[in-house]
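The values are calculated or read from the model by the stated rules, or taken from the named source; none is laboratory data. Bear in mind the structure is a predicted one, so any value in this text is a computation, not a measurement. Methodologically, a virtual Cβ is constructed for each residue, glycine included, from the backbone with ideal geometry; neighbour enumeration extends over all protein chains shown. Quick note on the areas: whole protein, heavy atoms, side chains included, nothing else; ligands and nucleic acids left out. Shrake-Rupley method; radii C 1.70, N 1.55, O 1.52, S 1.80 Å.
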Amino acid sequence: MHVALREVRDDDLLVFYAHATDPEAVRMAAFTAEDPSDRTHFEAHWARIRRDRSVMVRTIVGEGDEILGHVAVFGPTEEREVTYWIGREHWGRGAATAALRELLRIAPERPLHARAAADNGSSIRVLEKCGFITTGTERGFANARGEEIDELVLTLIYEPDAEF
Ligand SMILES: CC(C)(COP(=O)(O)OP(=O)(O)OC[C@H]1O[C@@H](n2cnc3c(N)ncnc32)[C@H](O)[C@@H]1OP(=O)(O)O)[C@@H](O)C(=O)NCCC(=O)NCCS
């Protein structure tokens with residue numbers, strides 16, 4: 001699937017809010033805000049990350065500039081992490097994989113880390129397809145589950161020279 005990454009625009013936030021409040025996606029991501037539907041918190045979070053120069057956040061667009069989701073690199077130098085979110089109507093077509101590949105091209109810092117709920121098979125698969133390998137397991141409280149669950153830590157140590 002072809003995707004492009006561009007700077008986040010104000011109007012994108014309406015779409016991101018719909019993605020962030022989709023119950024199925026929230027359950028899958030697990031480690032979310034306490035109340036993803038809290039609009040004030042959502043707006044403050046996005047205002048903060050958009051002005052934080054250490055965060056590279058991009059809107060993922062597909063054919064006809066349709067907004068598919070977002071992808072980001074964030075965190076201190078030694079612990080740079082990637083994260084992404086795709087609208088449910090676009091799942092299963094390679095959007096996350098293509099967007100992460102593009103992000104890895106424009107964000108050259110290595111190593112890069114990622115976290116995923118241990119039962120988020122789709123996200124783990126996306127990371128593995130992009131060359132990340134599991135480097136640890138942690139246990140943490142997942143707001144969307146209301147309990148502690150396992151979380152995998154994955155790391156991009158080398159660049160894959162072939163598609164998985
Ligand atoms: C996780 C998410 C980003 C995946 O996006 P996507 O565009 O559907 O991902 P892709 O199509 O690029 O790849 C999904 C891969 O997972 C596979 N997959 C789907 N469900 C799976 C499951 N339960 N277990 C294992 N693999 C699974 C798909 O077959 C595909 O792999 P393939 O290309 O080898 O067939 C998307 O579902 C999402 O945004 N979810 C909500 C937010 C979230 O979980 N973000 C990540 C937080 S760590």
Return the residues of segment 34-91 that are over 16 Å from ASP12 (Cα atoms) and assigned to a strand (DSSP E or B); say none if nothing qualifies. VAL73, PHE74, GLU81, VAL82, THR83
Residue pairs meeting the criteria (Cβ under 9 Å; at least 6 apart or on separate chains; first touching a residue at least 40 places away in the same chain (Cβ under 8 Å) and closer than 20 Å to ASP119 by Cα, in segment 14-26; second of a type in the set (D, E, K, R) and open to solvent by 50 Å² or more (accessible area, probe 1.4 Å)): HIS19/ARG88; ASP22/ARG88; GLU24/ARG88; ALA25/ARG88
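Conditions tested, residue by residue: (1) more than 10 Å from the ligand (Cβ to nearest atom); (2) under 15 Å from the mean Cα position of the chain (by Cα); (3) under 24 Å from TYR17 (Cα atoms).
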position: VAL73; (1), (2), (3): yes, yes, yes
position: TRP91; (1), (2), (3): no, yes, yes
position: ALA95; (1), (2), (3): no, yes, yes
position: LEU103; (1), (2), (3): yes, yes, yes
position: ILE106; (1), (2), (3): yes, no, no
position: ASN120; (1), (2), (3): no, yes, yes
position: ARG125; (1), (2), (3): no, yes, no
position: ARG145; (1), (2), (3): yes, no, yes
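Return yes when TRP85 is in contact (Cβ under 8 Å) with a residue 60 or more places away in the chain and of a type outside the set (Asp, Glu) and no when it is not. Show your work before the answer.
Details: in contact (Cβ under 8 Å) with a residue 60 or more places away in the chain: yes; of a type outside the set (Asp, Glu): yes.
Answer is yes for this residue.
Table: residues versus (1) open to solvent by 70 Å² or more (accessible area, probe 1.4 Å); (2) farther than 23 Å from THR135 by Cα; (3) not small (Gly, Ala, Ser).
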| site | (1), (2), (3) |
| --- | --- |
| ASP10 | yes, yes, yes |
| MET28 | no, no, yes |
| ALA44 | no, yes, no |
| SER54 | no, yes, no |
| GLY94 | no, yes, no |
| ARG105 | yes, no, yes |
Could you list, in sequence order, the residues of segment 112-160 that are at pLDDT 95 or above and assigned to a loop (DSSP other than H, G, I, E, B)? ALA118, ASP119, ASN120, CYS130, GLY131, ASN143, ALA144, ARG145, GLY146
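I'd like to know if segment 96-103 contains one or more residues that are hydroxyl-bearing (Ser, Thr, Tyr) and surrounded by fewer than 19 Cβ atoms within 10 Å (Cβ to Cβ). Outline the logic, then answer.
Pass one, segment 96-103, residues hydroxyl-bearing (Ser, Thr, Tyr): 97.
From what is left, the residues that are surrounded by fewer than 19 Cβ atoms within 10 Å (Cβ to Cβ) are none.
Scanning segment 96-103, I find no residue that is hydroxyl-bearing (Ser, Thr, Tyr) and surrounded by fewer than 19 Cβ atoms within 10 Å (Cβ to Cβ), so the answer is no.
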